[in-house]
Amino acid sequence: MNFSSKLLENAVAEFAKLPGVGQKTALRLVLHLLNQDKAEVAKFGDSIIKLRNEIKFCRVCHNISDQEICEICSAPKRDHATICVVEDTRDVMAIQNTDQYNGLYHVLGGLISPIDGVGPSDLQVDTLVARIKENEVKEVIFALSATMEGDTTIFYLHKRLKDFNISLSTIARGIAFGGELEYVDEITLGRSIATRIPYESSLSK
């Protein structure tokens, strides 16, 4: 792609680094910004810089937050005896949108994937165990993607948590194998949460 300006080329190159954005899409986005008022572009840039500099991760559940403890963890009306384990913030948002779950969350920050060099120590597993030890948790729901990595992670978590006096369940598989939670429609995801089953029962199917 030939550019008439080095500034334009550099901006397109930066946008093209975003996931799912190719050079043509990056060029369209950059040209769109060039057609906006300078104040609007400055506002856009400032919001990204402020996001990166000021964003926090909840010290309880590791969800993205504006505060040290996120609004979900600090909400007194939520069920603090139930923890839903998810891969990342996108899954928290997806489940929240179903209006079928009123407990707390625990964001692992990824899935176990030996081929990618991601092991249990790279995830927020120890803090999950600590939460269960320190609080009156009655149920842990594994809400991870229906992939090999998701199943491997659930199997590992089950081994770590099975000796605690808590219920371990997994979302019902109305979700096709290989599917990621953020792309599942809200009705299917909501039903999968509502009709969750004991984890050990899922092993026999």
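Throughout, read-outs are computed from the coordinates displayed, never taken from laboratory work. Bear in mind the structure is a predicted one, so any value in this text is a computation, not a measurement. Here the Cβ is made from the backbone with ideal geometry for all residues, glycine too, and neighbour counts use every protein chain on show.
What to note about this one:
- Ranked list, fewest to most other Cβ atoms within 10 Å of each Cβ, for C58, C73: C73, C58
- Neighbour-count ranking [beta-carbon atoms within 10 angstrom, fewest first] of H80, H62: H80, H62
- Within the straight-line cut-off of under 25 Å between alpha carbons, the lysines reachable from K50 are K17, K38, sequence neighbours fewer than 8 places apart in one chain being disregarded.
- Proximal lysines to K138, defined as alpha-carbon separation beneath 25 angstrom and excluding residues fewer than eight positions away on the same chain: K77, K159, K162, K205
- Stretch gain in nm, segment T152-Q36, where the contour uses 0.36 nm per residue and the Cα spacing is subtracted: 37.0 nm
- Shape call, the stretch 1-55: gyration tensor on alpha carbons, a/c limit 1.5: oblate
- DSSP-assigned coil residues among chymotrypsin sites (Phe, Trp or Tyr not before Pro) in the stretch 90-179, each with at most 14 further Cβ atoms within 10 Å: F164, F177
- Net length gained if the chain between F57 and F44 were fully extended (0.36 nm per residue, minus Cα distance): 2.4 nm
- Restriction of the GluC sites (Glu not before Pro) in the stretch 1-69 to DSSP coil positions whose beta-carbon has at most 12 other beta-carbons within 10 angstrom yields E68.
- Taking the charge dipole of the stretch 16-139 about its Cα centre, with +1 at Lys and Arg Cβ atoms and -1 at Asp and Glu Cβ atoms, the residue from V118, V92, G22 reaching farthest to the positive side is G22.
- The Rg/Rh ratio of the stretch 1-133, with Rg taken over Cα atoms and Rh as the Kirkwood radius over Cα pairs, comes to 1.10.
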